[in-house]
Amino acid sequence: MKVKEFFAPSDMTEGKPWEKIVIFTIPMLIGNIAQQLYNTVDSIVIGKYVGDNALAAVGSASPILNLLLVLFVGISVGAGVMVSQYFGARQREQLSWTIGNCVTLTAISSILIMILGAVLSRPLLELLKTPDSIIDWCTSYLVILMVGCAGCAYYNILCGILRGLGDSVSALVYLLIATCINIVLDILFVAKFHLGVAGVAYATVIAQAVSAILCLIRLMRMADIFDFRLSCMKMRRIYSLEIIRLGLPSGVTQAIFSMAMVIVQSLTNSFGEMVIAANVIIMRVDGFAMMPNFSFGTAMTTYSGQNVGAKRMDRVEKGAKQGTLLAVGTSAVITSLILIFGRNLMGIFTDTEELVTLSANMMRILAVGYIAMAVTQCLSGVMRGAGDTMTPMWISIVVTVCIRVPLAYSISWLTRTAELPHGRYECLWISLLTSWVLGALITFIFYRRGKWKNKAL
């Protein structure tokens, strides 16, 4: 295969479904792992060079960071669905206007998030009763990332467009470049210049800006597929509203999920710095463990979107079955590795023996849940690609708001004792595991009902 063909957009409406899904997923999986390295390297450098409290500060800031970035999630999902369907249907004009309107919507969203993030970061941290020992670090970390959010926004949304076109390789290459920059700057800013938590934030902002610029250049060179010109960036109601309509449910889902995480973070904070730091470590390892599921889910969205656009519903259902089986098998392997090597993984982040033991024990609670999440991500991806973004939204709301949060607080309350005034901290992860398993079951039921088939553009 020539280099030019390797980077060319992939037509997923022809060929064996599982082969197309695997070929598309592999570079995206590598890219997602590289993206997770952003946060992981941040945590390792902070934990090793600054200390466990600084590590806890980065973790406490994460739920608020995710909450403030939900606008970008919505635009990215809406863009991916529309781009994949128009590309599959070979509709050049509609594809061009969709991409142009995405660029404009991202600019507007970035300005809004920059303002809100700078103003709300400290008040939100105080509302969550973030310990005084880490709140200043949390605030500086959040404000820097919010002010520099345009790079993060454009990278994620432009990558969504490239993946909708079937090009997951370019996004991988650019992300690997940015990851290398991030790692070098992390060590330079924290270990050499002693900028602490702020140094990690500066490194992330710079690296994400570089990856966004590279994605933009790549899109500008795809004139054989669509027209990337200023006139297409003028807001047109039919396209901008459709992007919002398709993306809003995912944005709302992420917002509700982030709100739930913020509420649970408040519970986490009540257990003290050690549990906060353990939660950070677990979420970093969780990020890698969940990457195959997210990668297969995104692949299924693109696969479904292109085939729905080409009116190949038979291929959609065949690919859904094959893709889900692949994802479940991959997650089973990862679960086994976590159970065997969990303690070694935790030791990468900290030298504190108590923290390693605590993190490893809690990770074992979550391990089996990754198999359930494989089912949820793949079948939700199929439904989103077909244009049904509402059903996955409602499922996520139910399992997060109605199951995860109440269960966490209930277990905490029921296990309170004189020695444990806030209850047992295991409630944080038992509730998460339960929500994952029930979410997979509900998603499978709604997929089998088949109403998502009638939602195409």
Relative to the longest principal Cα axis of the chain, at what angle does helix 92-127 sit, 0 to 90 degrees, rounded to 10? 10 degrees
How large a share of the accessible area of the chain, in percent, is made up of carbon and sulfur atoms when the probe is 1.4 Å and the other protein chains stay in place? 67 percent
What FRET efficiency do you get for PHE444 and GLU353 if R0 is 35 Å and r is their Cβ-Cβ distance, rounded to the nearest 0.05? 0.25
Virtual spin-label span in nm between LYS451 and SER410, 7 Å along Cα→Cβ: 2.6 nm
Can you bin region 157-286 into rounded, prolate or oblate? Criterion: square roots of the alpha carbon gyration tensor eigenvalues sorted a ≥ b ≥ c, rounded for a/c under 1.5, prolate for a/b above b/c, oblate for the rest. oblate
Under 15 Å from a point 7 Å along the Cα-to-Cβ line of ILE206: which residues of region 133-154 have their amide N that close? 145, 148
Taking only Cα atoms, what is the 0 to 90° angle, nearest 10, from helix 237-270's long axis to the longest principal axis of the chain? 10 degrees
Could you work out how much longer the chain between MET220 and LYS192 gets when fully extended? Use 0.36 nm per residue separation minus the Cα distance between them, nm to one decimal. 6.3 nm
Taking the square root of 5λ for each eigenvalue of the C-alpha gyration tensor of region 223-309, the equivalent ellipsoid has semi-axes, largest first and in whole angstrom, of 37, 18, 13
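Pop the C-beta distance of ILE213 and ASP11 into the FRET formula with R0 = 22 Å and round what comes out to the nearest 0.05.
Values: r = 28 Å, r/R0 = 1.25.
E(calc), rounded to 0.05, equals 0.20.
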How far apart, in nm, are two points set 7 Å out from the Cα along the Cα-to-Cβ line at VAL368 and at ILE26? 3.3 nm
Taking Cα atoms, how many degrees apart are the long axis of helix 427-449 and the longest axis of the chain, rounded to 10 and kept between 0 and 90? 20 degrees
Using a 1.4 angstrom probe on the protein heavy atoms only, line up SER60, SER396, SER336 by accessible area, largest first. SER336, SER396, SER60
Which entry in (1) 0.94; (2) 1.01; (3) 1.29 is this structure's computed Cα Rg over 2.2 N^0.38 Å? (1)
Heavy-atom accessible area with a 1.4 angstrom probe orders TRP97, TRP452, TRP18, most exposed first, as TRP18, TRP97, TRP452
Compute the separation of the alpha-carbon centres of region 204-277 and region 18-65 and state it in Å as a whole number. 16 Å
Phi angles of region 128-133, converted by Karplus (6.51 cos²θ - 1.76 cosθ + 1.60, θ = phi - 60°) into ³J(HN,Hα) in whole Hz with x for Gly and Pro, give 7, 6, 4, x, 4, 5
Residue by residue through region 162-167, the couplings from Karplus 6.51 cos²θ - 1.76 cosθ + 1.60 with θ = phi - 60°, in Hz, x for Gly and Pro, are 4, 5, x, 7, x, 9
Cβ-derived FRET efficiency at R0 30 Å, VAL401 paired with ASN53, nearest 0.05: 0.45
Leaving out ligands and nucleic acids, note down the accessible area per residue over the chain with a 1.4 angstrom probe, in whole Å². 41 Å²
Per DSSP H run of at least 4 residues, take -39500 (n - 2.57); add these up for the chain, divide by its residues and hand me the 222 nm value, nearest 500 deg cm²/dmol. -27000 deg cm²/dmol
Any chance you could check the Cα centroid distance between region 299-338 and region 358-429 for me, in angstrom? 23 Å
Pulled fully out, how much extra length does the chain show between VAL147 and MET235, if you take 0.36 nm times their separation in residues and subtract their Cα-Cα distance? 29.2 nm
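The values are calculated or read from the model by the stated rules, or taken from the named source; none is laboratory data. Please read all numbers here as calculations on a predicted model, not as lab measurements. We place every Cβ from the backbone using ideal geometry, glycine too, and count neighbours over all the protein chains shown. Side chains are part of the model used for accessible areas, which takes the heavy atoms of the whole protein and leaves out ligands, DNA and RNA. Shrake-Rupley method; radii C 1.70, N 1.55, O 1.52, S 1.80 Å.
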